[in-house]
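Below is one structure; the comments refer to it alone.
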Amino acid sequence: MSRLELIGFKSDEKDENFAGRYTFLIDDFEVMMNYFHITGSSPITNKIEKNERIVLEAKGDMIVGIWGQISYDRYETDDLYTLVTGIDYNFDLYQKNVYTALEGFYNKEGGGTYFTYNLRINESFEFYQGCLLIDDEVYLNTTLNYIYNDYMNFEFAYNYYHNFEKYGYLTEDNKELTSEIVFRTKMFF
């Protein structure tokens with residue numbers, strides 16, 4: 001009842017990126033040990049840096065789903081520890097299934113909370129809403145997903161940003177962006 005996964009990939013910054021995960025079960029908990037060796041943008045300096053990340057995750061089900069994650073990132077300029085905890089819960093509302101999740105995270109750069117819910121309206125439509133709060137920064141996403149068939153989905157989304165350029169979620173070109181409407185097509189082969 002254990003599993004080993006390995007992946008290698010190429011990015012614009014470097015072609016020596018790889019990751020691995022070992023997963024095993026302890027009673028009703030799934031434990032995952034992850035290792036990443038990647039080159040990308042550092043959240044500390046916003047520069048391209050080598051990064052080695054070790055992540056320990058555990059998740060299980062005790063009426064509500066619970067999970068926790070501790071990660072250690074070693075960048076060229078600094079180290080970063082991050083703690084993530086969360087819970088999720090499914091329930092029925094007017095014969096429709098609602099999925100809810102609440103997640104909190106903290107590192108030396110600060111902390112934040114993410115809340116989301118997902119309502120499956122029928123076989124063709126899903127409604128999502130998520131809200132990420134970091135200090136006085138807010139990111140709000142509202143999405144309607146139309147499932148055309150097994151091979152194609154259409155998403156219509158509205159995103160709202162408040163003071164979010166501070167955390168690098170928006171690029172230099174659109175850091176003044178406060179809201180946007182997004183249309184996205186997903187195809188599966």
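The values are calculated or read from the model by the stated rules, or taken from the named source; none is laboratory data. What you are looking at is a predicted structure, and each value in this text was computed from that prediction instead of being measured. Cβ sites come from the backbone with ideal geometry, for glycine too, and all protein chains shown count toward neighbours. Side chains are part of the model used for accessible areas, which takes the heavy atoms of the whole protein and leaves out ligands, DNA and RNA. Shrake-Rupley method; radii C 1.70, N 1.55, O 1.52, S 1.80 Å.
Values computed for the structure shown
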| read-out | value |
| --- | --- |
| Fully extended contour minus Cα-Cα distance, from I48 to T77, at 0.36 nm per residue | 9.4 nm |
| The stretch 37-137: Rg to Rh, with Rh as the Kirkwood radius over Cα pairs | 1.08 |
| Expected-Rg normalisation [2.2 N^0.38 Å, Cα atoms] applied to the chain | 1.17 |
| Where labels lie 7 Å past Cα in the beta-carbon direction, separation of S179 and D150 in nm | 4.0 |
| Solvent exposure of the stretch 84-134 as accessible area per residue, Å², 1.4 Å probe | 63 |
| The chain, accessible surface, carbon-and-sulfur percent (1.4 angstrom probe) | 57 |
| Solvent-accessible area of L56 with every protein chain in place, 1.4 Å probe, in Å² to the nearest 10 | 90 |
| Charge dipole (debye, nearest 20) of the chain; +1 at Cβ of Lys and Arg, -1 at Cβ of Asp and Glu | 280 |
| Long pairs among K10/K108; K47/K108; K59/K186, criterion Cα-Cα beyond 24 Å | K10/K108; K59/K186 |
